[in-house]
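Inspection log for the structure reproduced underneath, given as structure tokens.
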Amino acid sequence: MKKSAQAVIIGGGIIGCAAAYYLAKEIDDVILIEKKCIAGESSGANYGMVWQQTRQDGYDLAAARRSLEIYPQLCREVFDLDIEYEEKGGMTLFFTDLQAEAAKGYVEYKNSLGVPVRLLSGKETRSLEPALSSRVTGSLFCAEEAQLNPFYTTLAFARAAQKEGATIYQGVEVLSINLDRGAVCSISTSEGKIFTNHVINAAGSWAGTVGAMVGLKVPVFPHRLQSLVTEQIPKLLTRTIQGSRIARTSEEAAKTFQYAYDTTGGNRPCINQQPPAECIIESSLFYAKPTVNGNIVLGTACDFAGYNRETSYEALAVIAHMAKMIIPRLKDVNIIRSWANFDPWTADGIPIVGETGVKGFFIAAGHGTGMSHAPATGEALAGLITGSAAAIPLGEANINRFTGYREEC
Amino acid sequence: MLMNNKPVTICRCEEVGNKTIEQAIDDGARTVDAVKRATRAGMGLCQGRTCQSLVAALISCKTGQPLANLVPSTSRPPFRPVRLESLAEVGAKLLLEKEADKI
């Protein structure tokens with residue numbers, strides 16, 4: 001193992017690999033350390049959505065839009081692997097006329113932010129996706145959204161980073177991060193010590209464990225998402241679709257498009273805030289992603305269960321029920337596998353990216369939206385470390401937005 | 001047998017050959033799970049029941065890791081393919097029981 005580096009990235013998910021690529025383009029001696037394998041956790045167990053319609057105004061949306069801009073260029077010029085990037089648009093379904101009313105205001109709001117989302121009737125929705133049930137009364141459709149293969153995209157970033165001179169160690173665990181007069185000076189791993197002045201915590205749902213190594217609380221929690229995958233079938237869906245929560249009253253309908261990402265109620269999140277209790281059945285939200293190989297990935301039921309990665313019969317059954325109701329032809333299709341992953345969760349739904357009170361210690365974690373954010377995050381973080389101009393401002397994503405953060409430093 | 005130069009199909013469900021798997025190992029994959037993510041070996045109908053031990057053997061041959069250290073990929077339900085509808089029926093009952101007013 002190398003004895004020194006200009007920067008060490010902890011975590012071989014999509015954020016760590018993208019950061020490694022952008023950093024290695026600018027500086028020599030970049031090392032990435034991954035305790036399992038590339039895309040071994042959440043980056044290998046998600047729907048590969050590069051969406052903007054569901055992103056919150058500000059950093060979240062800016063990062064998604066910047067990534068939508070960069071991906072096609074990466075595919076053309078950088079990646080030596082087909083990441084199955086397809087700009088097919090994204091669709092959010094709804095199921096009642098009241099929701100169609102609520103959708104009008106939502107579309108206006110999103111359009112004012114520059115998100116080209118359109119309202120489609122039930123008929124228009126089914127002309128794009130004929131397999132959808134007549135229960136679907138309409139949808140929000142955004143043509144400027146894409147889907148990709150999350151394994152291959154993470155691997156493509158890792159390979160691009162290696163081509164730029166980065167070194168990747170898989171199966172190596174970080175044991176401690178050592179400080180000298182308050183600044184990062186080295187890290188100790190299961191394979192030896194590396195001297196470095198820059199450490200990037202890209203450990204996703206394990207960002208808290210890594211933060212604790214320098215005495216910081218990093219409030220990222222593992223949000224367990226369960227999914228099913230079907231056998232390979234002839235084409236049934238063209239694009240990734242998302243269901244909305246059904247609403248029967250106008251109060252419920254008004255909340256149709258308020259996603260559960262932001263739990264702060266508009267207040268600043270607190271560094272000590274714990275995730276809310278969630279009931280798997282009530283928190284399930286429908287997703288269906290047709291993969292290039294012909295499998296359809298179906299989800300999802302979510303809850304907070306610590307690092308318990310088991311799937312539950314209850315959750316899988318509820319996902320199957322939603323799938324059958326929304327895409328009736330799936331009923332005769334075989335399910336071949338289920339899984340649970342830990343989607344990194346933060347209280348306000350926004351990742352934590354940027355410098356910290358510990359000199360040389362950076363964070364790029366808490367992405368429940370890693371596929372939508374990775375290129376923009378990697379690019380901005382590399383800019384921050386090397387001092388070049390940022391394409392998107394990182395200020396809003398800094399950990400100092402959490403109340404209680406300063407007391408800790 | 002695995003390491004001779006003849007092409008051999010390792011994962012029959014996803015039609016992944018030994019050359020593809022060896023390339024993934026050369027590219028840095030060191031576990032059955034890492035090979036699966038890079039090549040789709042083990043992602044098909046049988047979920048690696050046939051190929052996992054062969055993939056482990058290839059990794060062991062190429063890297064010198066003892067076979068005993070190579071853990072199989074996480075095994076997950078269902079243990080054989082199951083029609084979505086039979087799961088959905090259970091889901092519908094659960095939702096009724098919870099009186100969750102969902103679709």
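Pairing residues of the stretch A:324-343 that are facing another protein chain (nearest Cβ under 7 Å) and within 24 Å of A:Val220 (Cα to Cα) with residues that are among the hydroxyl-bearing types (Ser, Thr, Tyr) and part of a loop (DSSP other than H, G, I, E, B), at Cβ distances under 9 Å and at least 6 apart in sequence or on separate chains, gives A:Trp339/A:Thr311; A:Trp339/B:Thr74.
Consider A:Gly204 carefully, then state whether it is surrounded by fewer than 23 Cβ atoms within 10 Å (Cβ to Cβ), modelled with pLDDT of 95 or more and in the same structural domain as A:Gly182 (by TED's automatic domain parsing). Spell out the reasoning first.
On the way: surrounded by fewer than 23 Cβ atoms within 10 Å (Cβ to Cβ): no; modelled with pLDDT of 95 or more: yes; in the same structural domain as A:Gly182 (by TED's automatic domain parsing): yes.
Spelling it out, it is not the case that A:Gly204 is surrounded by fewer than 23 Cβ atoms within 10 Å (Cβ to Cβ), modelled with pLDDT of 95 or more and in the same structural domain as A:Gly182 (by TED's automatic domain parsing).
Taken residue by residue, the stretch B:33-46 has no member that is more than 10 Å from chain A (Cβ to nearest Cβ) and outside any loop (DSSP other than H, G, I, E, B). Within the stretch A:274-284, none of the residues are more than 14 Å from every other protein chain (Cβ to nearest Cβ) and either under 17 Å from the mean Cα position of the chain (by Cα) or more than 15 Å from A:Gly306 (Cα to Cα) (or both).
Kindly evaluate A:Val292 against the criterion of being facing chain B (nearest Cβ under 10 Å) and in contact (Cβ under 8 Å) with a residue 24 or more places away in the chain.
In short, no.
If only residues of the stretch A:295-321 that are more than 7 Å from chain B (Cβ to nearest Cβ) and over 22 Å from the mean Cα position of the chain (by Cα) are counted, the one that is farthest from A:Val220 (Cα to Cα) is A:Tyr313.
Under the condition of being touching a helix residue (DSSP H, G or I) at 6+ places or on another chain (Cβ under 8 Å), of a type in the set (Val, Ile, Thr) and part of a strand (DSSP E or B), the residues counted in the stretch A:208-233 number 1.
Confirm whether B:Val35 is without any contact (Cβ under 8 Å) to a residue 40 or more places away in the chain, touching a strand residue (DSSP E or B) at 6+ places or on another chain (Cβ under 7 Å) and surrounded by 15 or more Cβ atoms within 10 Å (Cβ to Cβ). Criteria not met by B:Val35. Looking at A:Val210, A:Val229, A:Val297, just one residue is buried (at least 23 other Cβ atoms within 10 Å of the Cβ) and hydrophobic (A, V, I, L, M, F, W, C), and that residue is A:Val210.
Which ones in the stretch A:46-82 are part of a loop (DSSP other than H, G, I, E, B) and buried (at least 21 other Cβ atoms within 10 Å of the Cβ)?
From the stretch A:46-82, those part of a loop (DSSP other than H, G, I, E, B) are A:46-48, A:51-58, A:78-82; that's our starting set.
Those that are part of a loop (DSSP other than H, G, I, E, B) and buried (at least 21 other Cβ atoms within 10 Å of the Cβ): A:Asn46, A:Tyr47, A:Gly48, A:Trp51, A:Gln52, A:Gln53, A:Thr54, A:Arg55.
The values are calculated or read from the model by the stated rules, or taken from the named source; none is laboratory data. If you're wondering where the values come from, they're calculated on a predicted model, not measured in any experiment. Don't worry about glycine lacking a Cβ; one is built from the backbone with ideal geometry, like all the others, and counts go over all protein chains shown.
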